[in-house]
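Beneath this line is the structure, given in structure tokens, with notes to follow.
The values are calculated or read from the model by the stated rules, or taken from the named source; none is laboratory data. Everything numeric in this text was worked out from a predicted model, so none of it was measured. Here the Cβ is made from the backbone with ideal geometry for all residues, glycine too, and neighbour counts use every protein chain on show. In case anyone asks, the SASA skips ligands and DNA or RNA and just uses the protein heavy atoms, side chains included. Shrake-Rupley method; radii C 1.70, N 1.55, O 1.52, S 1.80 Å.
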Amino acid sequence: MKLIIQMPCYNEEETLTVALDALPKHIDGIDEIEYLIINDGSKDNTAQVARDWGVHYIVNFRRNKGLAQGFLAGLDAAIRNGADIIVNTDADNQYNADDIAKLVQPILEGRTDIVIGARPIDATEHFSPLKKKLQHIGSWAVRKASNTDIPDAPSGFRAYSREAAMRLNVVNEYTYTLETIVQAGRNKIAMDSVPVRTNEDLRPSRLFHSMFGYVKKSMVTILRAFMMYKPLKFFTILGGIVFALGALIGVRFLVYLFMGNGSGHVQSLILCSTLLVIGFQTLVIGLLGDLISANRKILEDVQFRVKKLEYGELAEQTEKMAKTKDCREEHTCTKER
């Protein structure tokens, strides 16, 4: 059983060594542990720090592509190098690395395919009261959209089985945390959560520059994911509200008409007709979206099968390379992107 621990990095030369030093060297049930860094277009010496420390793999972006793309590139590289389990953690040492053993345990036991570390949000002193409240609201919204019971949706401290990692897709450029939960929940991928500990901040968060910006981007991400994976439900609700509002205005016009005052409320009839048409069109959009969603599921299944074939061949090649003492003893298998 091989575990690869990945860290997305952007200008992390000051904190990376601290985070790497804390990573476990042995976990019961794991035969081999390797480390992977995603250098997301860093302008400092992040990649060199990783090489000097001795990480096994470095995925290099020549320019910053964002957390979501870095996360996916890390999963791809980890699977290509034979990972059975992939753990994602932060390069700023936000999460207590000793809890990685706890994070992978449900996967080792075969109970689940994705495990998300739930931070003690209310007990975290450097979280402001507003941030704590927003974290809870955001997690509640993701639970509703994904039909899951994950208590800490924004947590980036996660473990994925090989199969779950091959099934994941992220289309937004902001963050992977929210969309992957909605996707996994709607695709019935087994998910669990375990309580984890956090460390003191080594630097401010770079994911957002203001609380308003974080809330706005998070809500757009949740809404977009819900529209992608449940389009019929979303557009039926939206179109139903518009259609019902138009119908109410139409009833109001008929009441005035029967009372002999219809001529003074022609604008209500126009508004009624407009809303009814918009509502009906929205329902049609929902039906089309549902057909597209069905086709997307077929494409995702095809993609998964192709990945299994491709990664299976690559795993055999990697095993042969290990036997010939090629790539694995270099400790800096840099993958340029």
### Summary
Pairing a residue in the range 137-149 that is under 11 Å from residue 182 (Cα atoms) with any residue that is of a type in the set (Phe, Trp, Tyr) and in a helix (DSSP H, G or I), where Cβ atoms lie under 8 Å and the two sit 6 or more apart in sequence or on different chains, gives 145/226
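Out of the residues in the range 80-125 meeting the condition of being among the charged types (D, E, K, R) and either open to solvent by less than 10 Å² (accessible area, probe 1.4 Å) or in a helix (DSSP H, G or I) (or both), tell me which one is nearest to residue 192 (Cα to Cα).
102
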### Message
Out of 50, 77, 73, I need the residue that is buried (at least 19 other Cβ atoms within 10 Å of the Cβ), over 18 Å from residue 156 (Cβ atoms) and not aromatic (Phe, Trp, Tyr). Which one?
### Response
50
### Query
Could you say which residue among 285, 292, 298 is assigned to a helix (DSSP H, G or I), open to solvent by 80 Å² or more (accessible area, probe 1.4 Å) and either modelled with pLDDT under 85 or among the basic types (Lys, Arg) (or both)?
298
### Query
Is one or more of the residues making up the range 58-68 at pLDDT 90 or above, out of contact with any Gly (no Cβ under 8 Å at 6 or more places or on another chain) and farther than 26 Å from residue 197 by Cβ?
yes
### Summary
Restricting attention to the range 12-36, the residues that are within 21 Å of residue 198 (Cβ to Cβ) and either within 24 Å of the chain's Cα centre (by Cα) or not acidic (Asp, Glu) (or both) number exactly 12
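Here is a yes/no grid of residues against (1) assigned to a helix (DSSP H, G or I); (2) over 20 Å from residue 180 (Cα atoms):
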{"site": "3", "(1), (2)": "no, yes"}
{"site": "18", "(1), (2)": "yes, yes"}
{"site": "26", "(1), (2)": "no, yes"}
{"site": "36", "(1), (2)": "no, yes"}
{"site": "51", "(1), (2)": "yes, yes"}
{"site": "55", "(1), (2)": "no, yes"}
{"site": "72", "(1), (2)": "yes, no"}
### Query
Do we find a residue being within 30 Å of residue 176 (Cα to Cα), in a helix (DSSP H, G or I), small (Gly, Ala, Ser) and open to solvent by less than 30 Å² (accessible area, probe 1.4 Å) anywhere in the range 216-229?
yes
### Task
Sort out which residues of the range 2-23 are more than 16 Å from residue 158 (Cβ to Cβ), surrounded by 14 or more Cβ atoms within 10 Å (Cβ to Cβ) and not aromatic (Phe, Trp, Tyr), and write them in order of number.
2, 9, 11, 12, 13, 14, 15, 16, 17, 18, 20, 22
#### Entry: Neighbours by Cβ (under 7 Å, 6+ apart or cross-chain): first from the range 287-314, in contact (Cβ under 8 Å) with a residue 60 or more places away in the chain and closer than 15 Å to residue 235 by Cβ; second hydrophobic (A, V, I, L, M, F, W, C) and exposed (fewer than 12 other Cβ atoms within 10 Å of the Cβ)
none
